[in-house]
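Worksheet: the structure to be examined is printed underneath.
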There are 2 protein chains.
Amino acid sequence: MRIGELAERTGVPAATIKYYLREHLLQAGAHGEGNTVEYGPEHVHRLTLIRALSETAGLSVAQIGEVLTVLARHPESAFQALGATLAATHRDPTFSLASEGTTEAAERTVDQLLNEYGWAEVAPPMYRDALVTALTAFYRLGNPDPQEVLGHYADAAAALASADMEAIAEATKIEGVDVEQAVTATVLGETVFAALRRIAHIAASARTQASQGPSGTI
Amino acid sequence: MRIGELAERTGVPAATIKYYLREHLLQAGAHGEGNTVEYGPEHVHRLTLIRALSETAGLSVAQIGEVLTVLARHPESAFQALGATLAATHRDPTFSLASEGTTEAAERTVDQLLNEYGWAEVAPPMYRDALVTALTAFYRLGNPDPQEVLGHYADAAAALASADMEAIAEATKIEGVDVEQAVTATVLGETVFAALRRIAHIAASARTQASQGPSGTI
């Protein structure tokens, strides 16, 4: 198909397709008759993947490029590709609080937690630092010790990770499902979980309000 | 204290403090002797709060303004404030996939899930739409039915929400901890959980790789 049809079938404007071609996110088409360029199902698939990563998972063009590179480099191991993707897609916030010194209490709490869950060895420094920074802000605002909540958070994170690993292991056993799909599903999973978490909060908050409200009902 | 000392104590540059004053994120100081303006502990606290929301939770100045408005409006109910804050801080992605029609399968799966967990009534349309969009992308990429993983996600979301509600209920019973702190802690919690989830994934992925790798070890 020509670029016009590719644009129509994927919902990506032709100008954007040309941009992705220039940025090497999208593989080049084949030269057809005369001066035409032909695109096939692999282009439709790649554009669907790019849209999912960009629109649903919120990644930048540079981050999508990194994910695609990782996928091309590790076509044999879903778990290797996943690890590399998670590192590539980390949205690096400007944790400038950290540069001014985090509190010792925050450092201690985070290291204790990571040790307890057996994560200390594998946790990338940027995630550990993100935790220390968030906890420092938490303490500075005068909040009480969050030990118990942190345990609940870590339990939930471990449960999600196991569920994702099982799903990837299952999916890659099914014919036609490849590493790329399995990894993308996990990235999309972050968006899905964030939405579910907001909904669960709103529901729990409405319930608690109803049971504690002055009139007993909302 | 004068603006210079306020800047030093909070790590926020004087120019940024002036910007926050103009945007009404920070309350005005008191007029001191001569033409001076004096700031107090309430300004230090507010700046710490703004930094936490901006740097750790990644909110924009406009979103911080909304959170502060919500907190000023609902000083009596932590749960009301929390619900309003979650709505105000939703980072609205450009879900343009949705505008081109999501698949019926995705709609059905999402509605079934929300019904099952008793969330259908309270789920704001934007979160339901986010779920449908993510699932549509998931199906379009040729992935198998995610029913089981979705259940695990929903269970984890419900567990986190309960843990947060308990923590808020506990915290607001402690003298000196106010609604503002409780709500901010929940917003910071999103950052904390995101980092923990990444770490848990990397750990689980390393473990699975080790048990499945060709050599049996990494």
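The values are calculated or read from the model by the stated rules, or taken from the named source; none is laboratory data. Please read all numbers here as calculations on a predicted model, not as lab measurements. In this analysis, Cβ positions are derived from the backbone assuming ideal geometry, glycine residues included, and neighbour counts consider all displayed protein chains. All accessible areas refer to the heavy atoms of the entire protein, side chains included, with ligands and DNA or RNA removed. Shrake-Rupley method; radii C 1.70, N 1.55, O 1.52, S 1.80 Å.
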For the stretch B:50-66, what are the residues that are within 11 Å of chain A (Cβ to nearest Cβ) and farther than 11 Å from B:Tyr20 by Cβ? B:Ala52, B:Leu53, B:Glu55, B:Thr56, B:Ala57, B:Gly58, B:Leu59
When restricted to B:Arg128, B:Arg140, the only residue outside the structural domain of B:Thr191 (by TED's automatic domain parsing), among the charged types (D, E, K, R) and at pLDDT below 80 is B:Arg140
Subset of the stretch A:125-145, residues outside any helix (DSSP H, G or I) and at the interface with chain B (Cβ under 7 Å from one of its Cβ atoms), comes to A:Leu141, A:Gly142, A:Asn143, A:Pro144
So in the stretch A:144-163, with the set limited to residues that are closer than 17 Å to A:Trp119 by Cα and out of contact with any Leu (no Cβ under 7 Å at 6 or more places or on another chain), which one is surrounded by the fewest Cβ atoms within 10 Å (Cβ to Cβ)? A:Gln147
Do we have any residue at all in the stretch A:108-117 that's modelled with pLDDT of 80 or more, open to solvent by 40 Å² or more (accessible area, probe 1.4 Å) and over 21 Å from A:Ala159 (Cβ atoms)? yes
Tally, over the stretch A:149-164, of residues that are more than 7 Å from chain B (Cβ to nearest Cβ) and either in contact with a strand residue (DSSP E or B) (Cβ under 7 Å, 6 or more places away or on another chain) or without any contact (Cβ under 8 Å) to a residue 40 or more places away in the chain (or both): 2
Select the helices (runs of 4 or more DSSP H) contained entirely in the stretch B:1-107, then report the ones holding at least 2 residues which are open to solvent by 30 Å² or more (accessible area, probe 1.4 Å) and modelled with pLDDT under 80. B:61-73, B:78-88, B:96-99
Mind checking whether some residue in the stretch B:172-185 is assigned to a loop (DSSP other than H, G, I, E, B), at pLDDT below 80 and of a type in the set (S, T, N, Q)? yes
Does the stretch B:112-132 hold any residues that are in contact (Cβ under 8 Å) with a residue 40 or more places away in the chain and among the aliphatic types (A, V, I, L, M), and which are they? B:Leu113
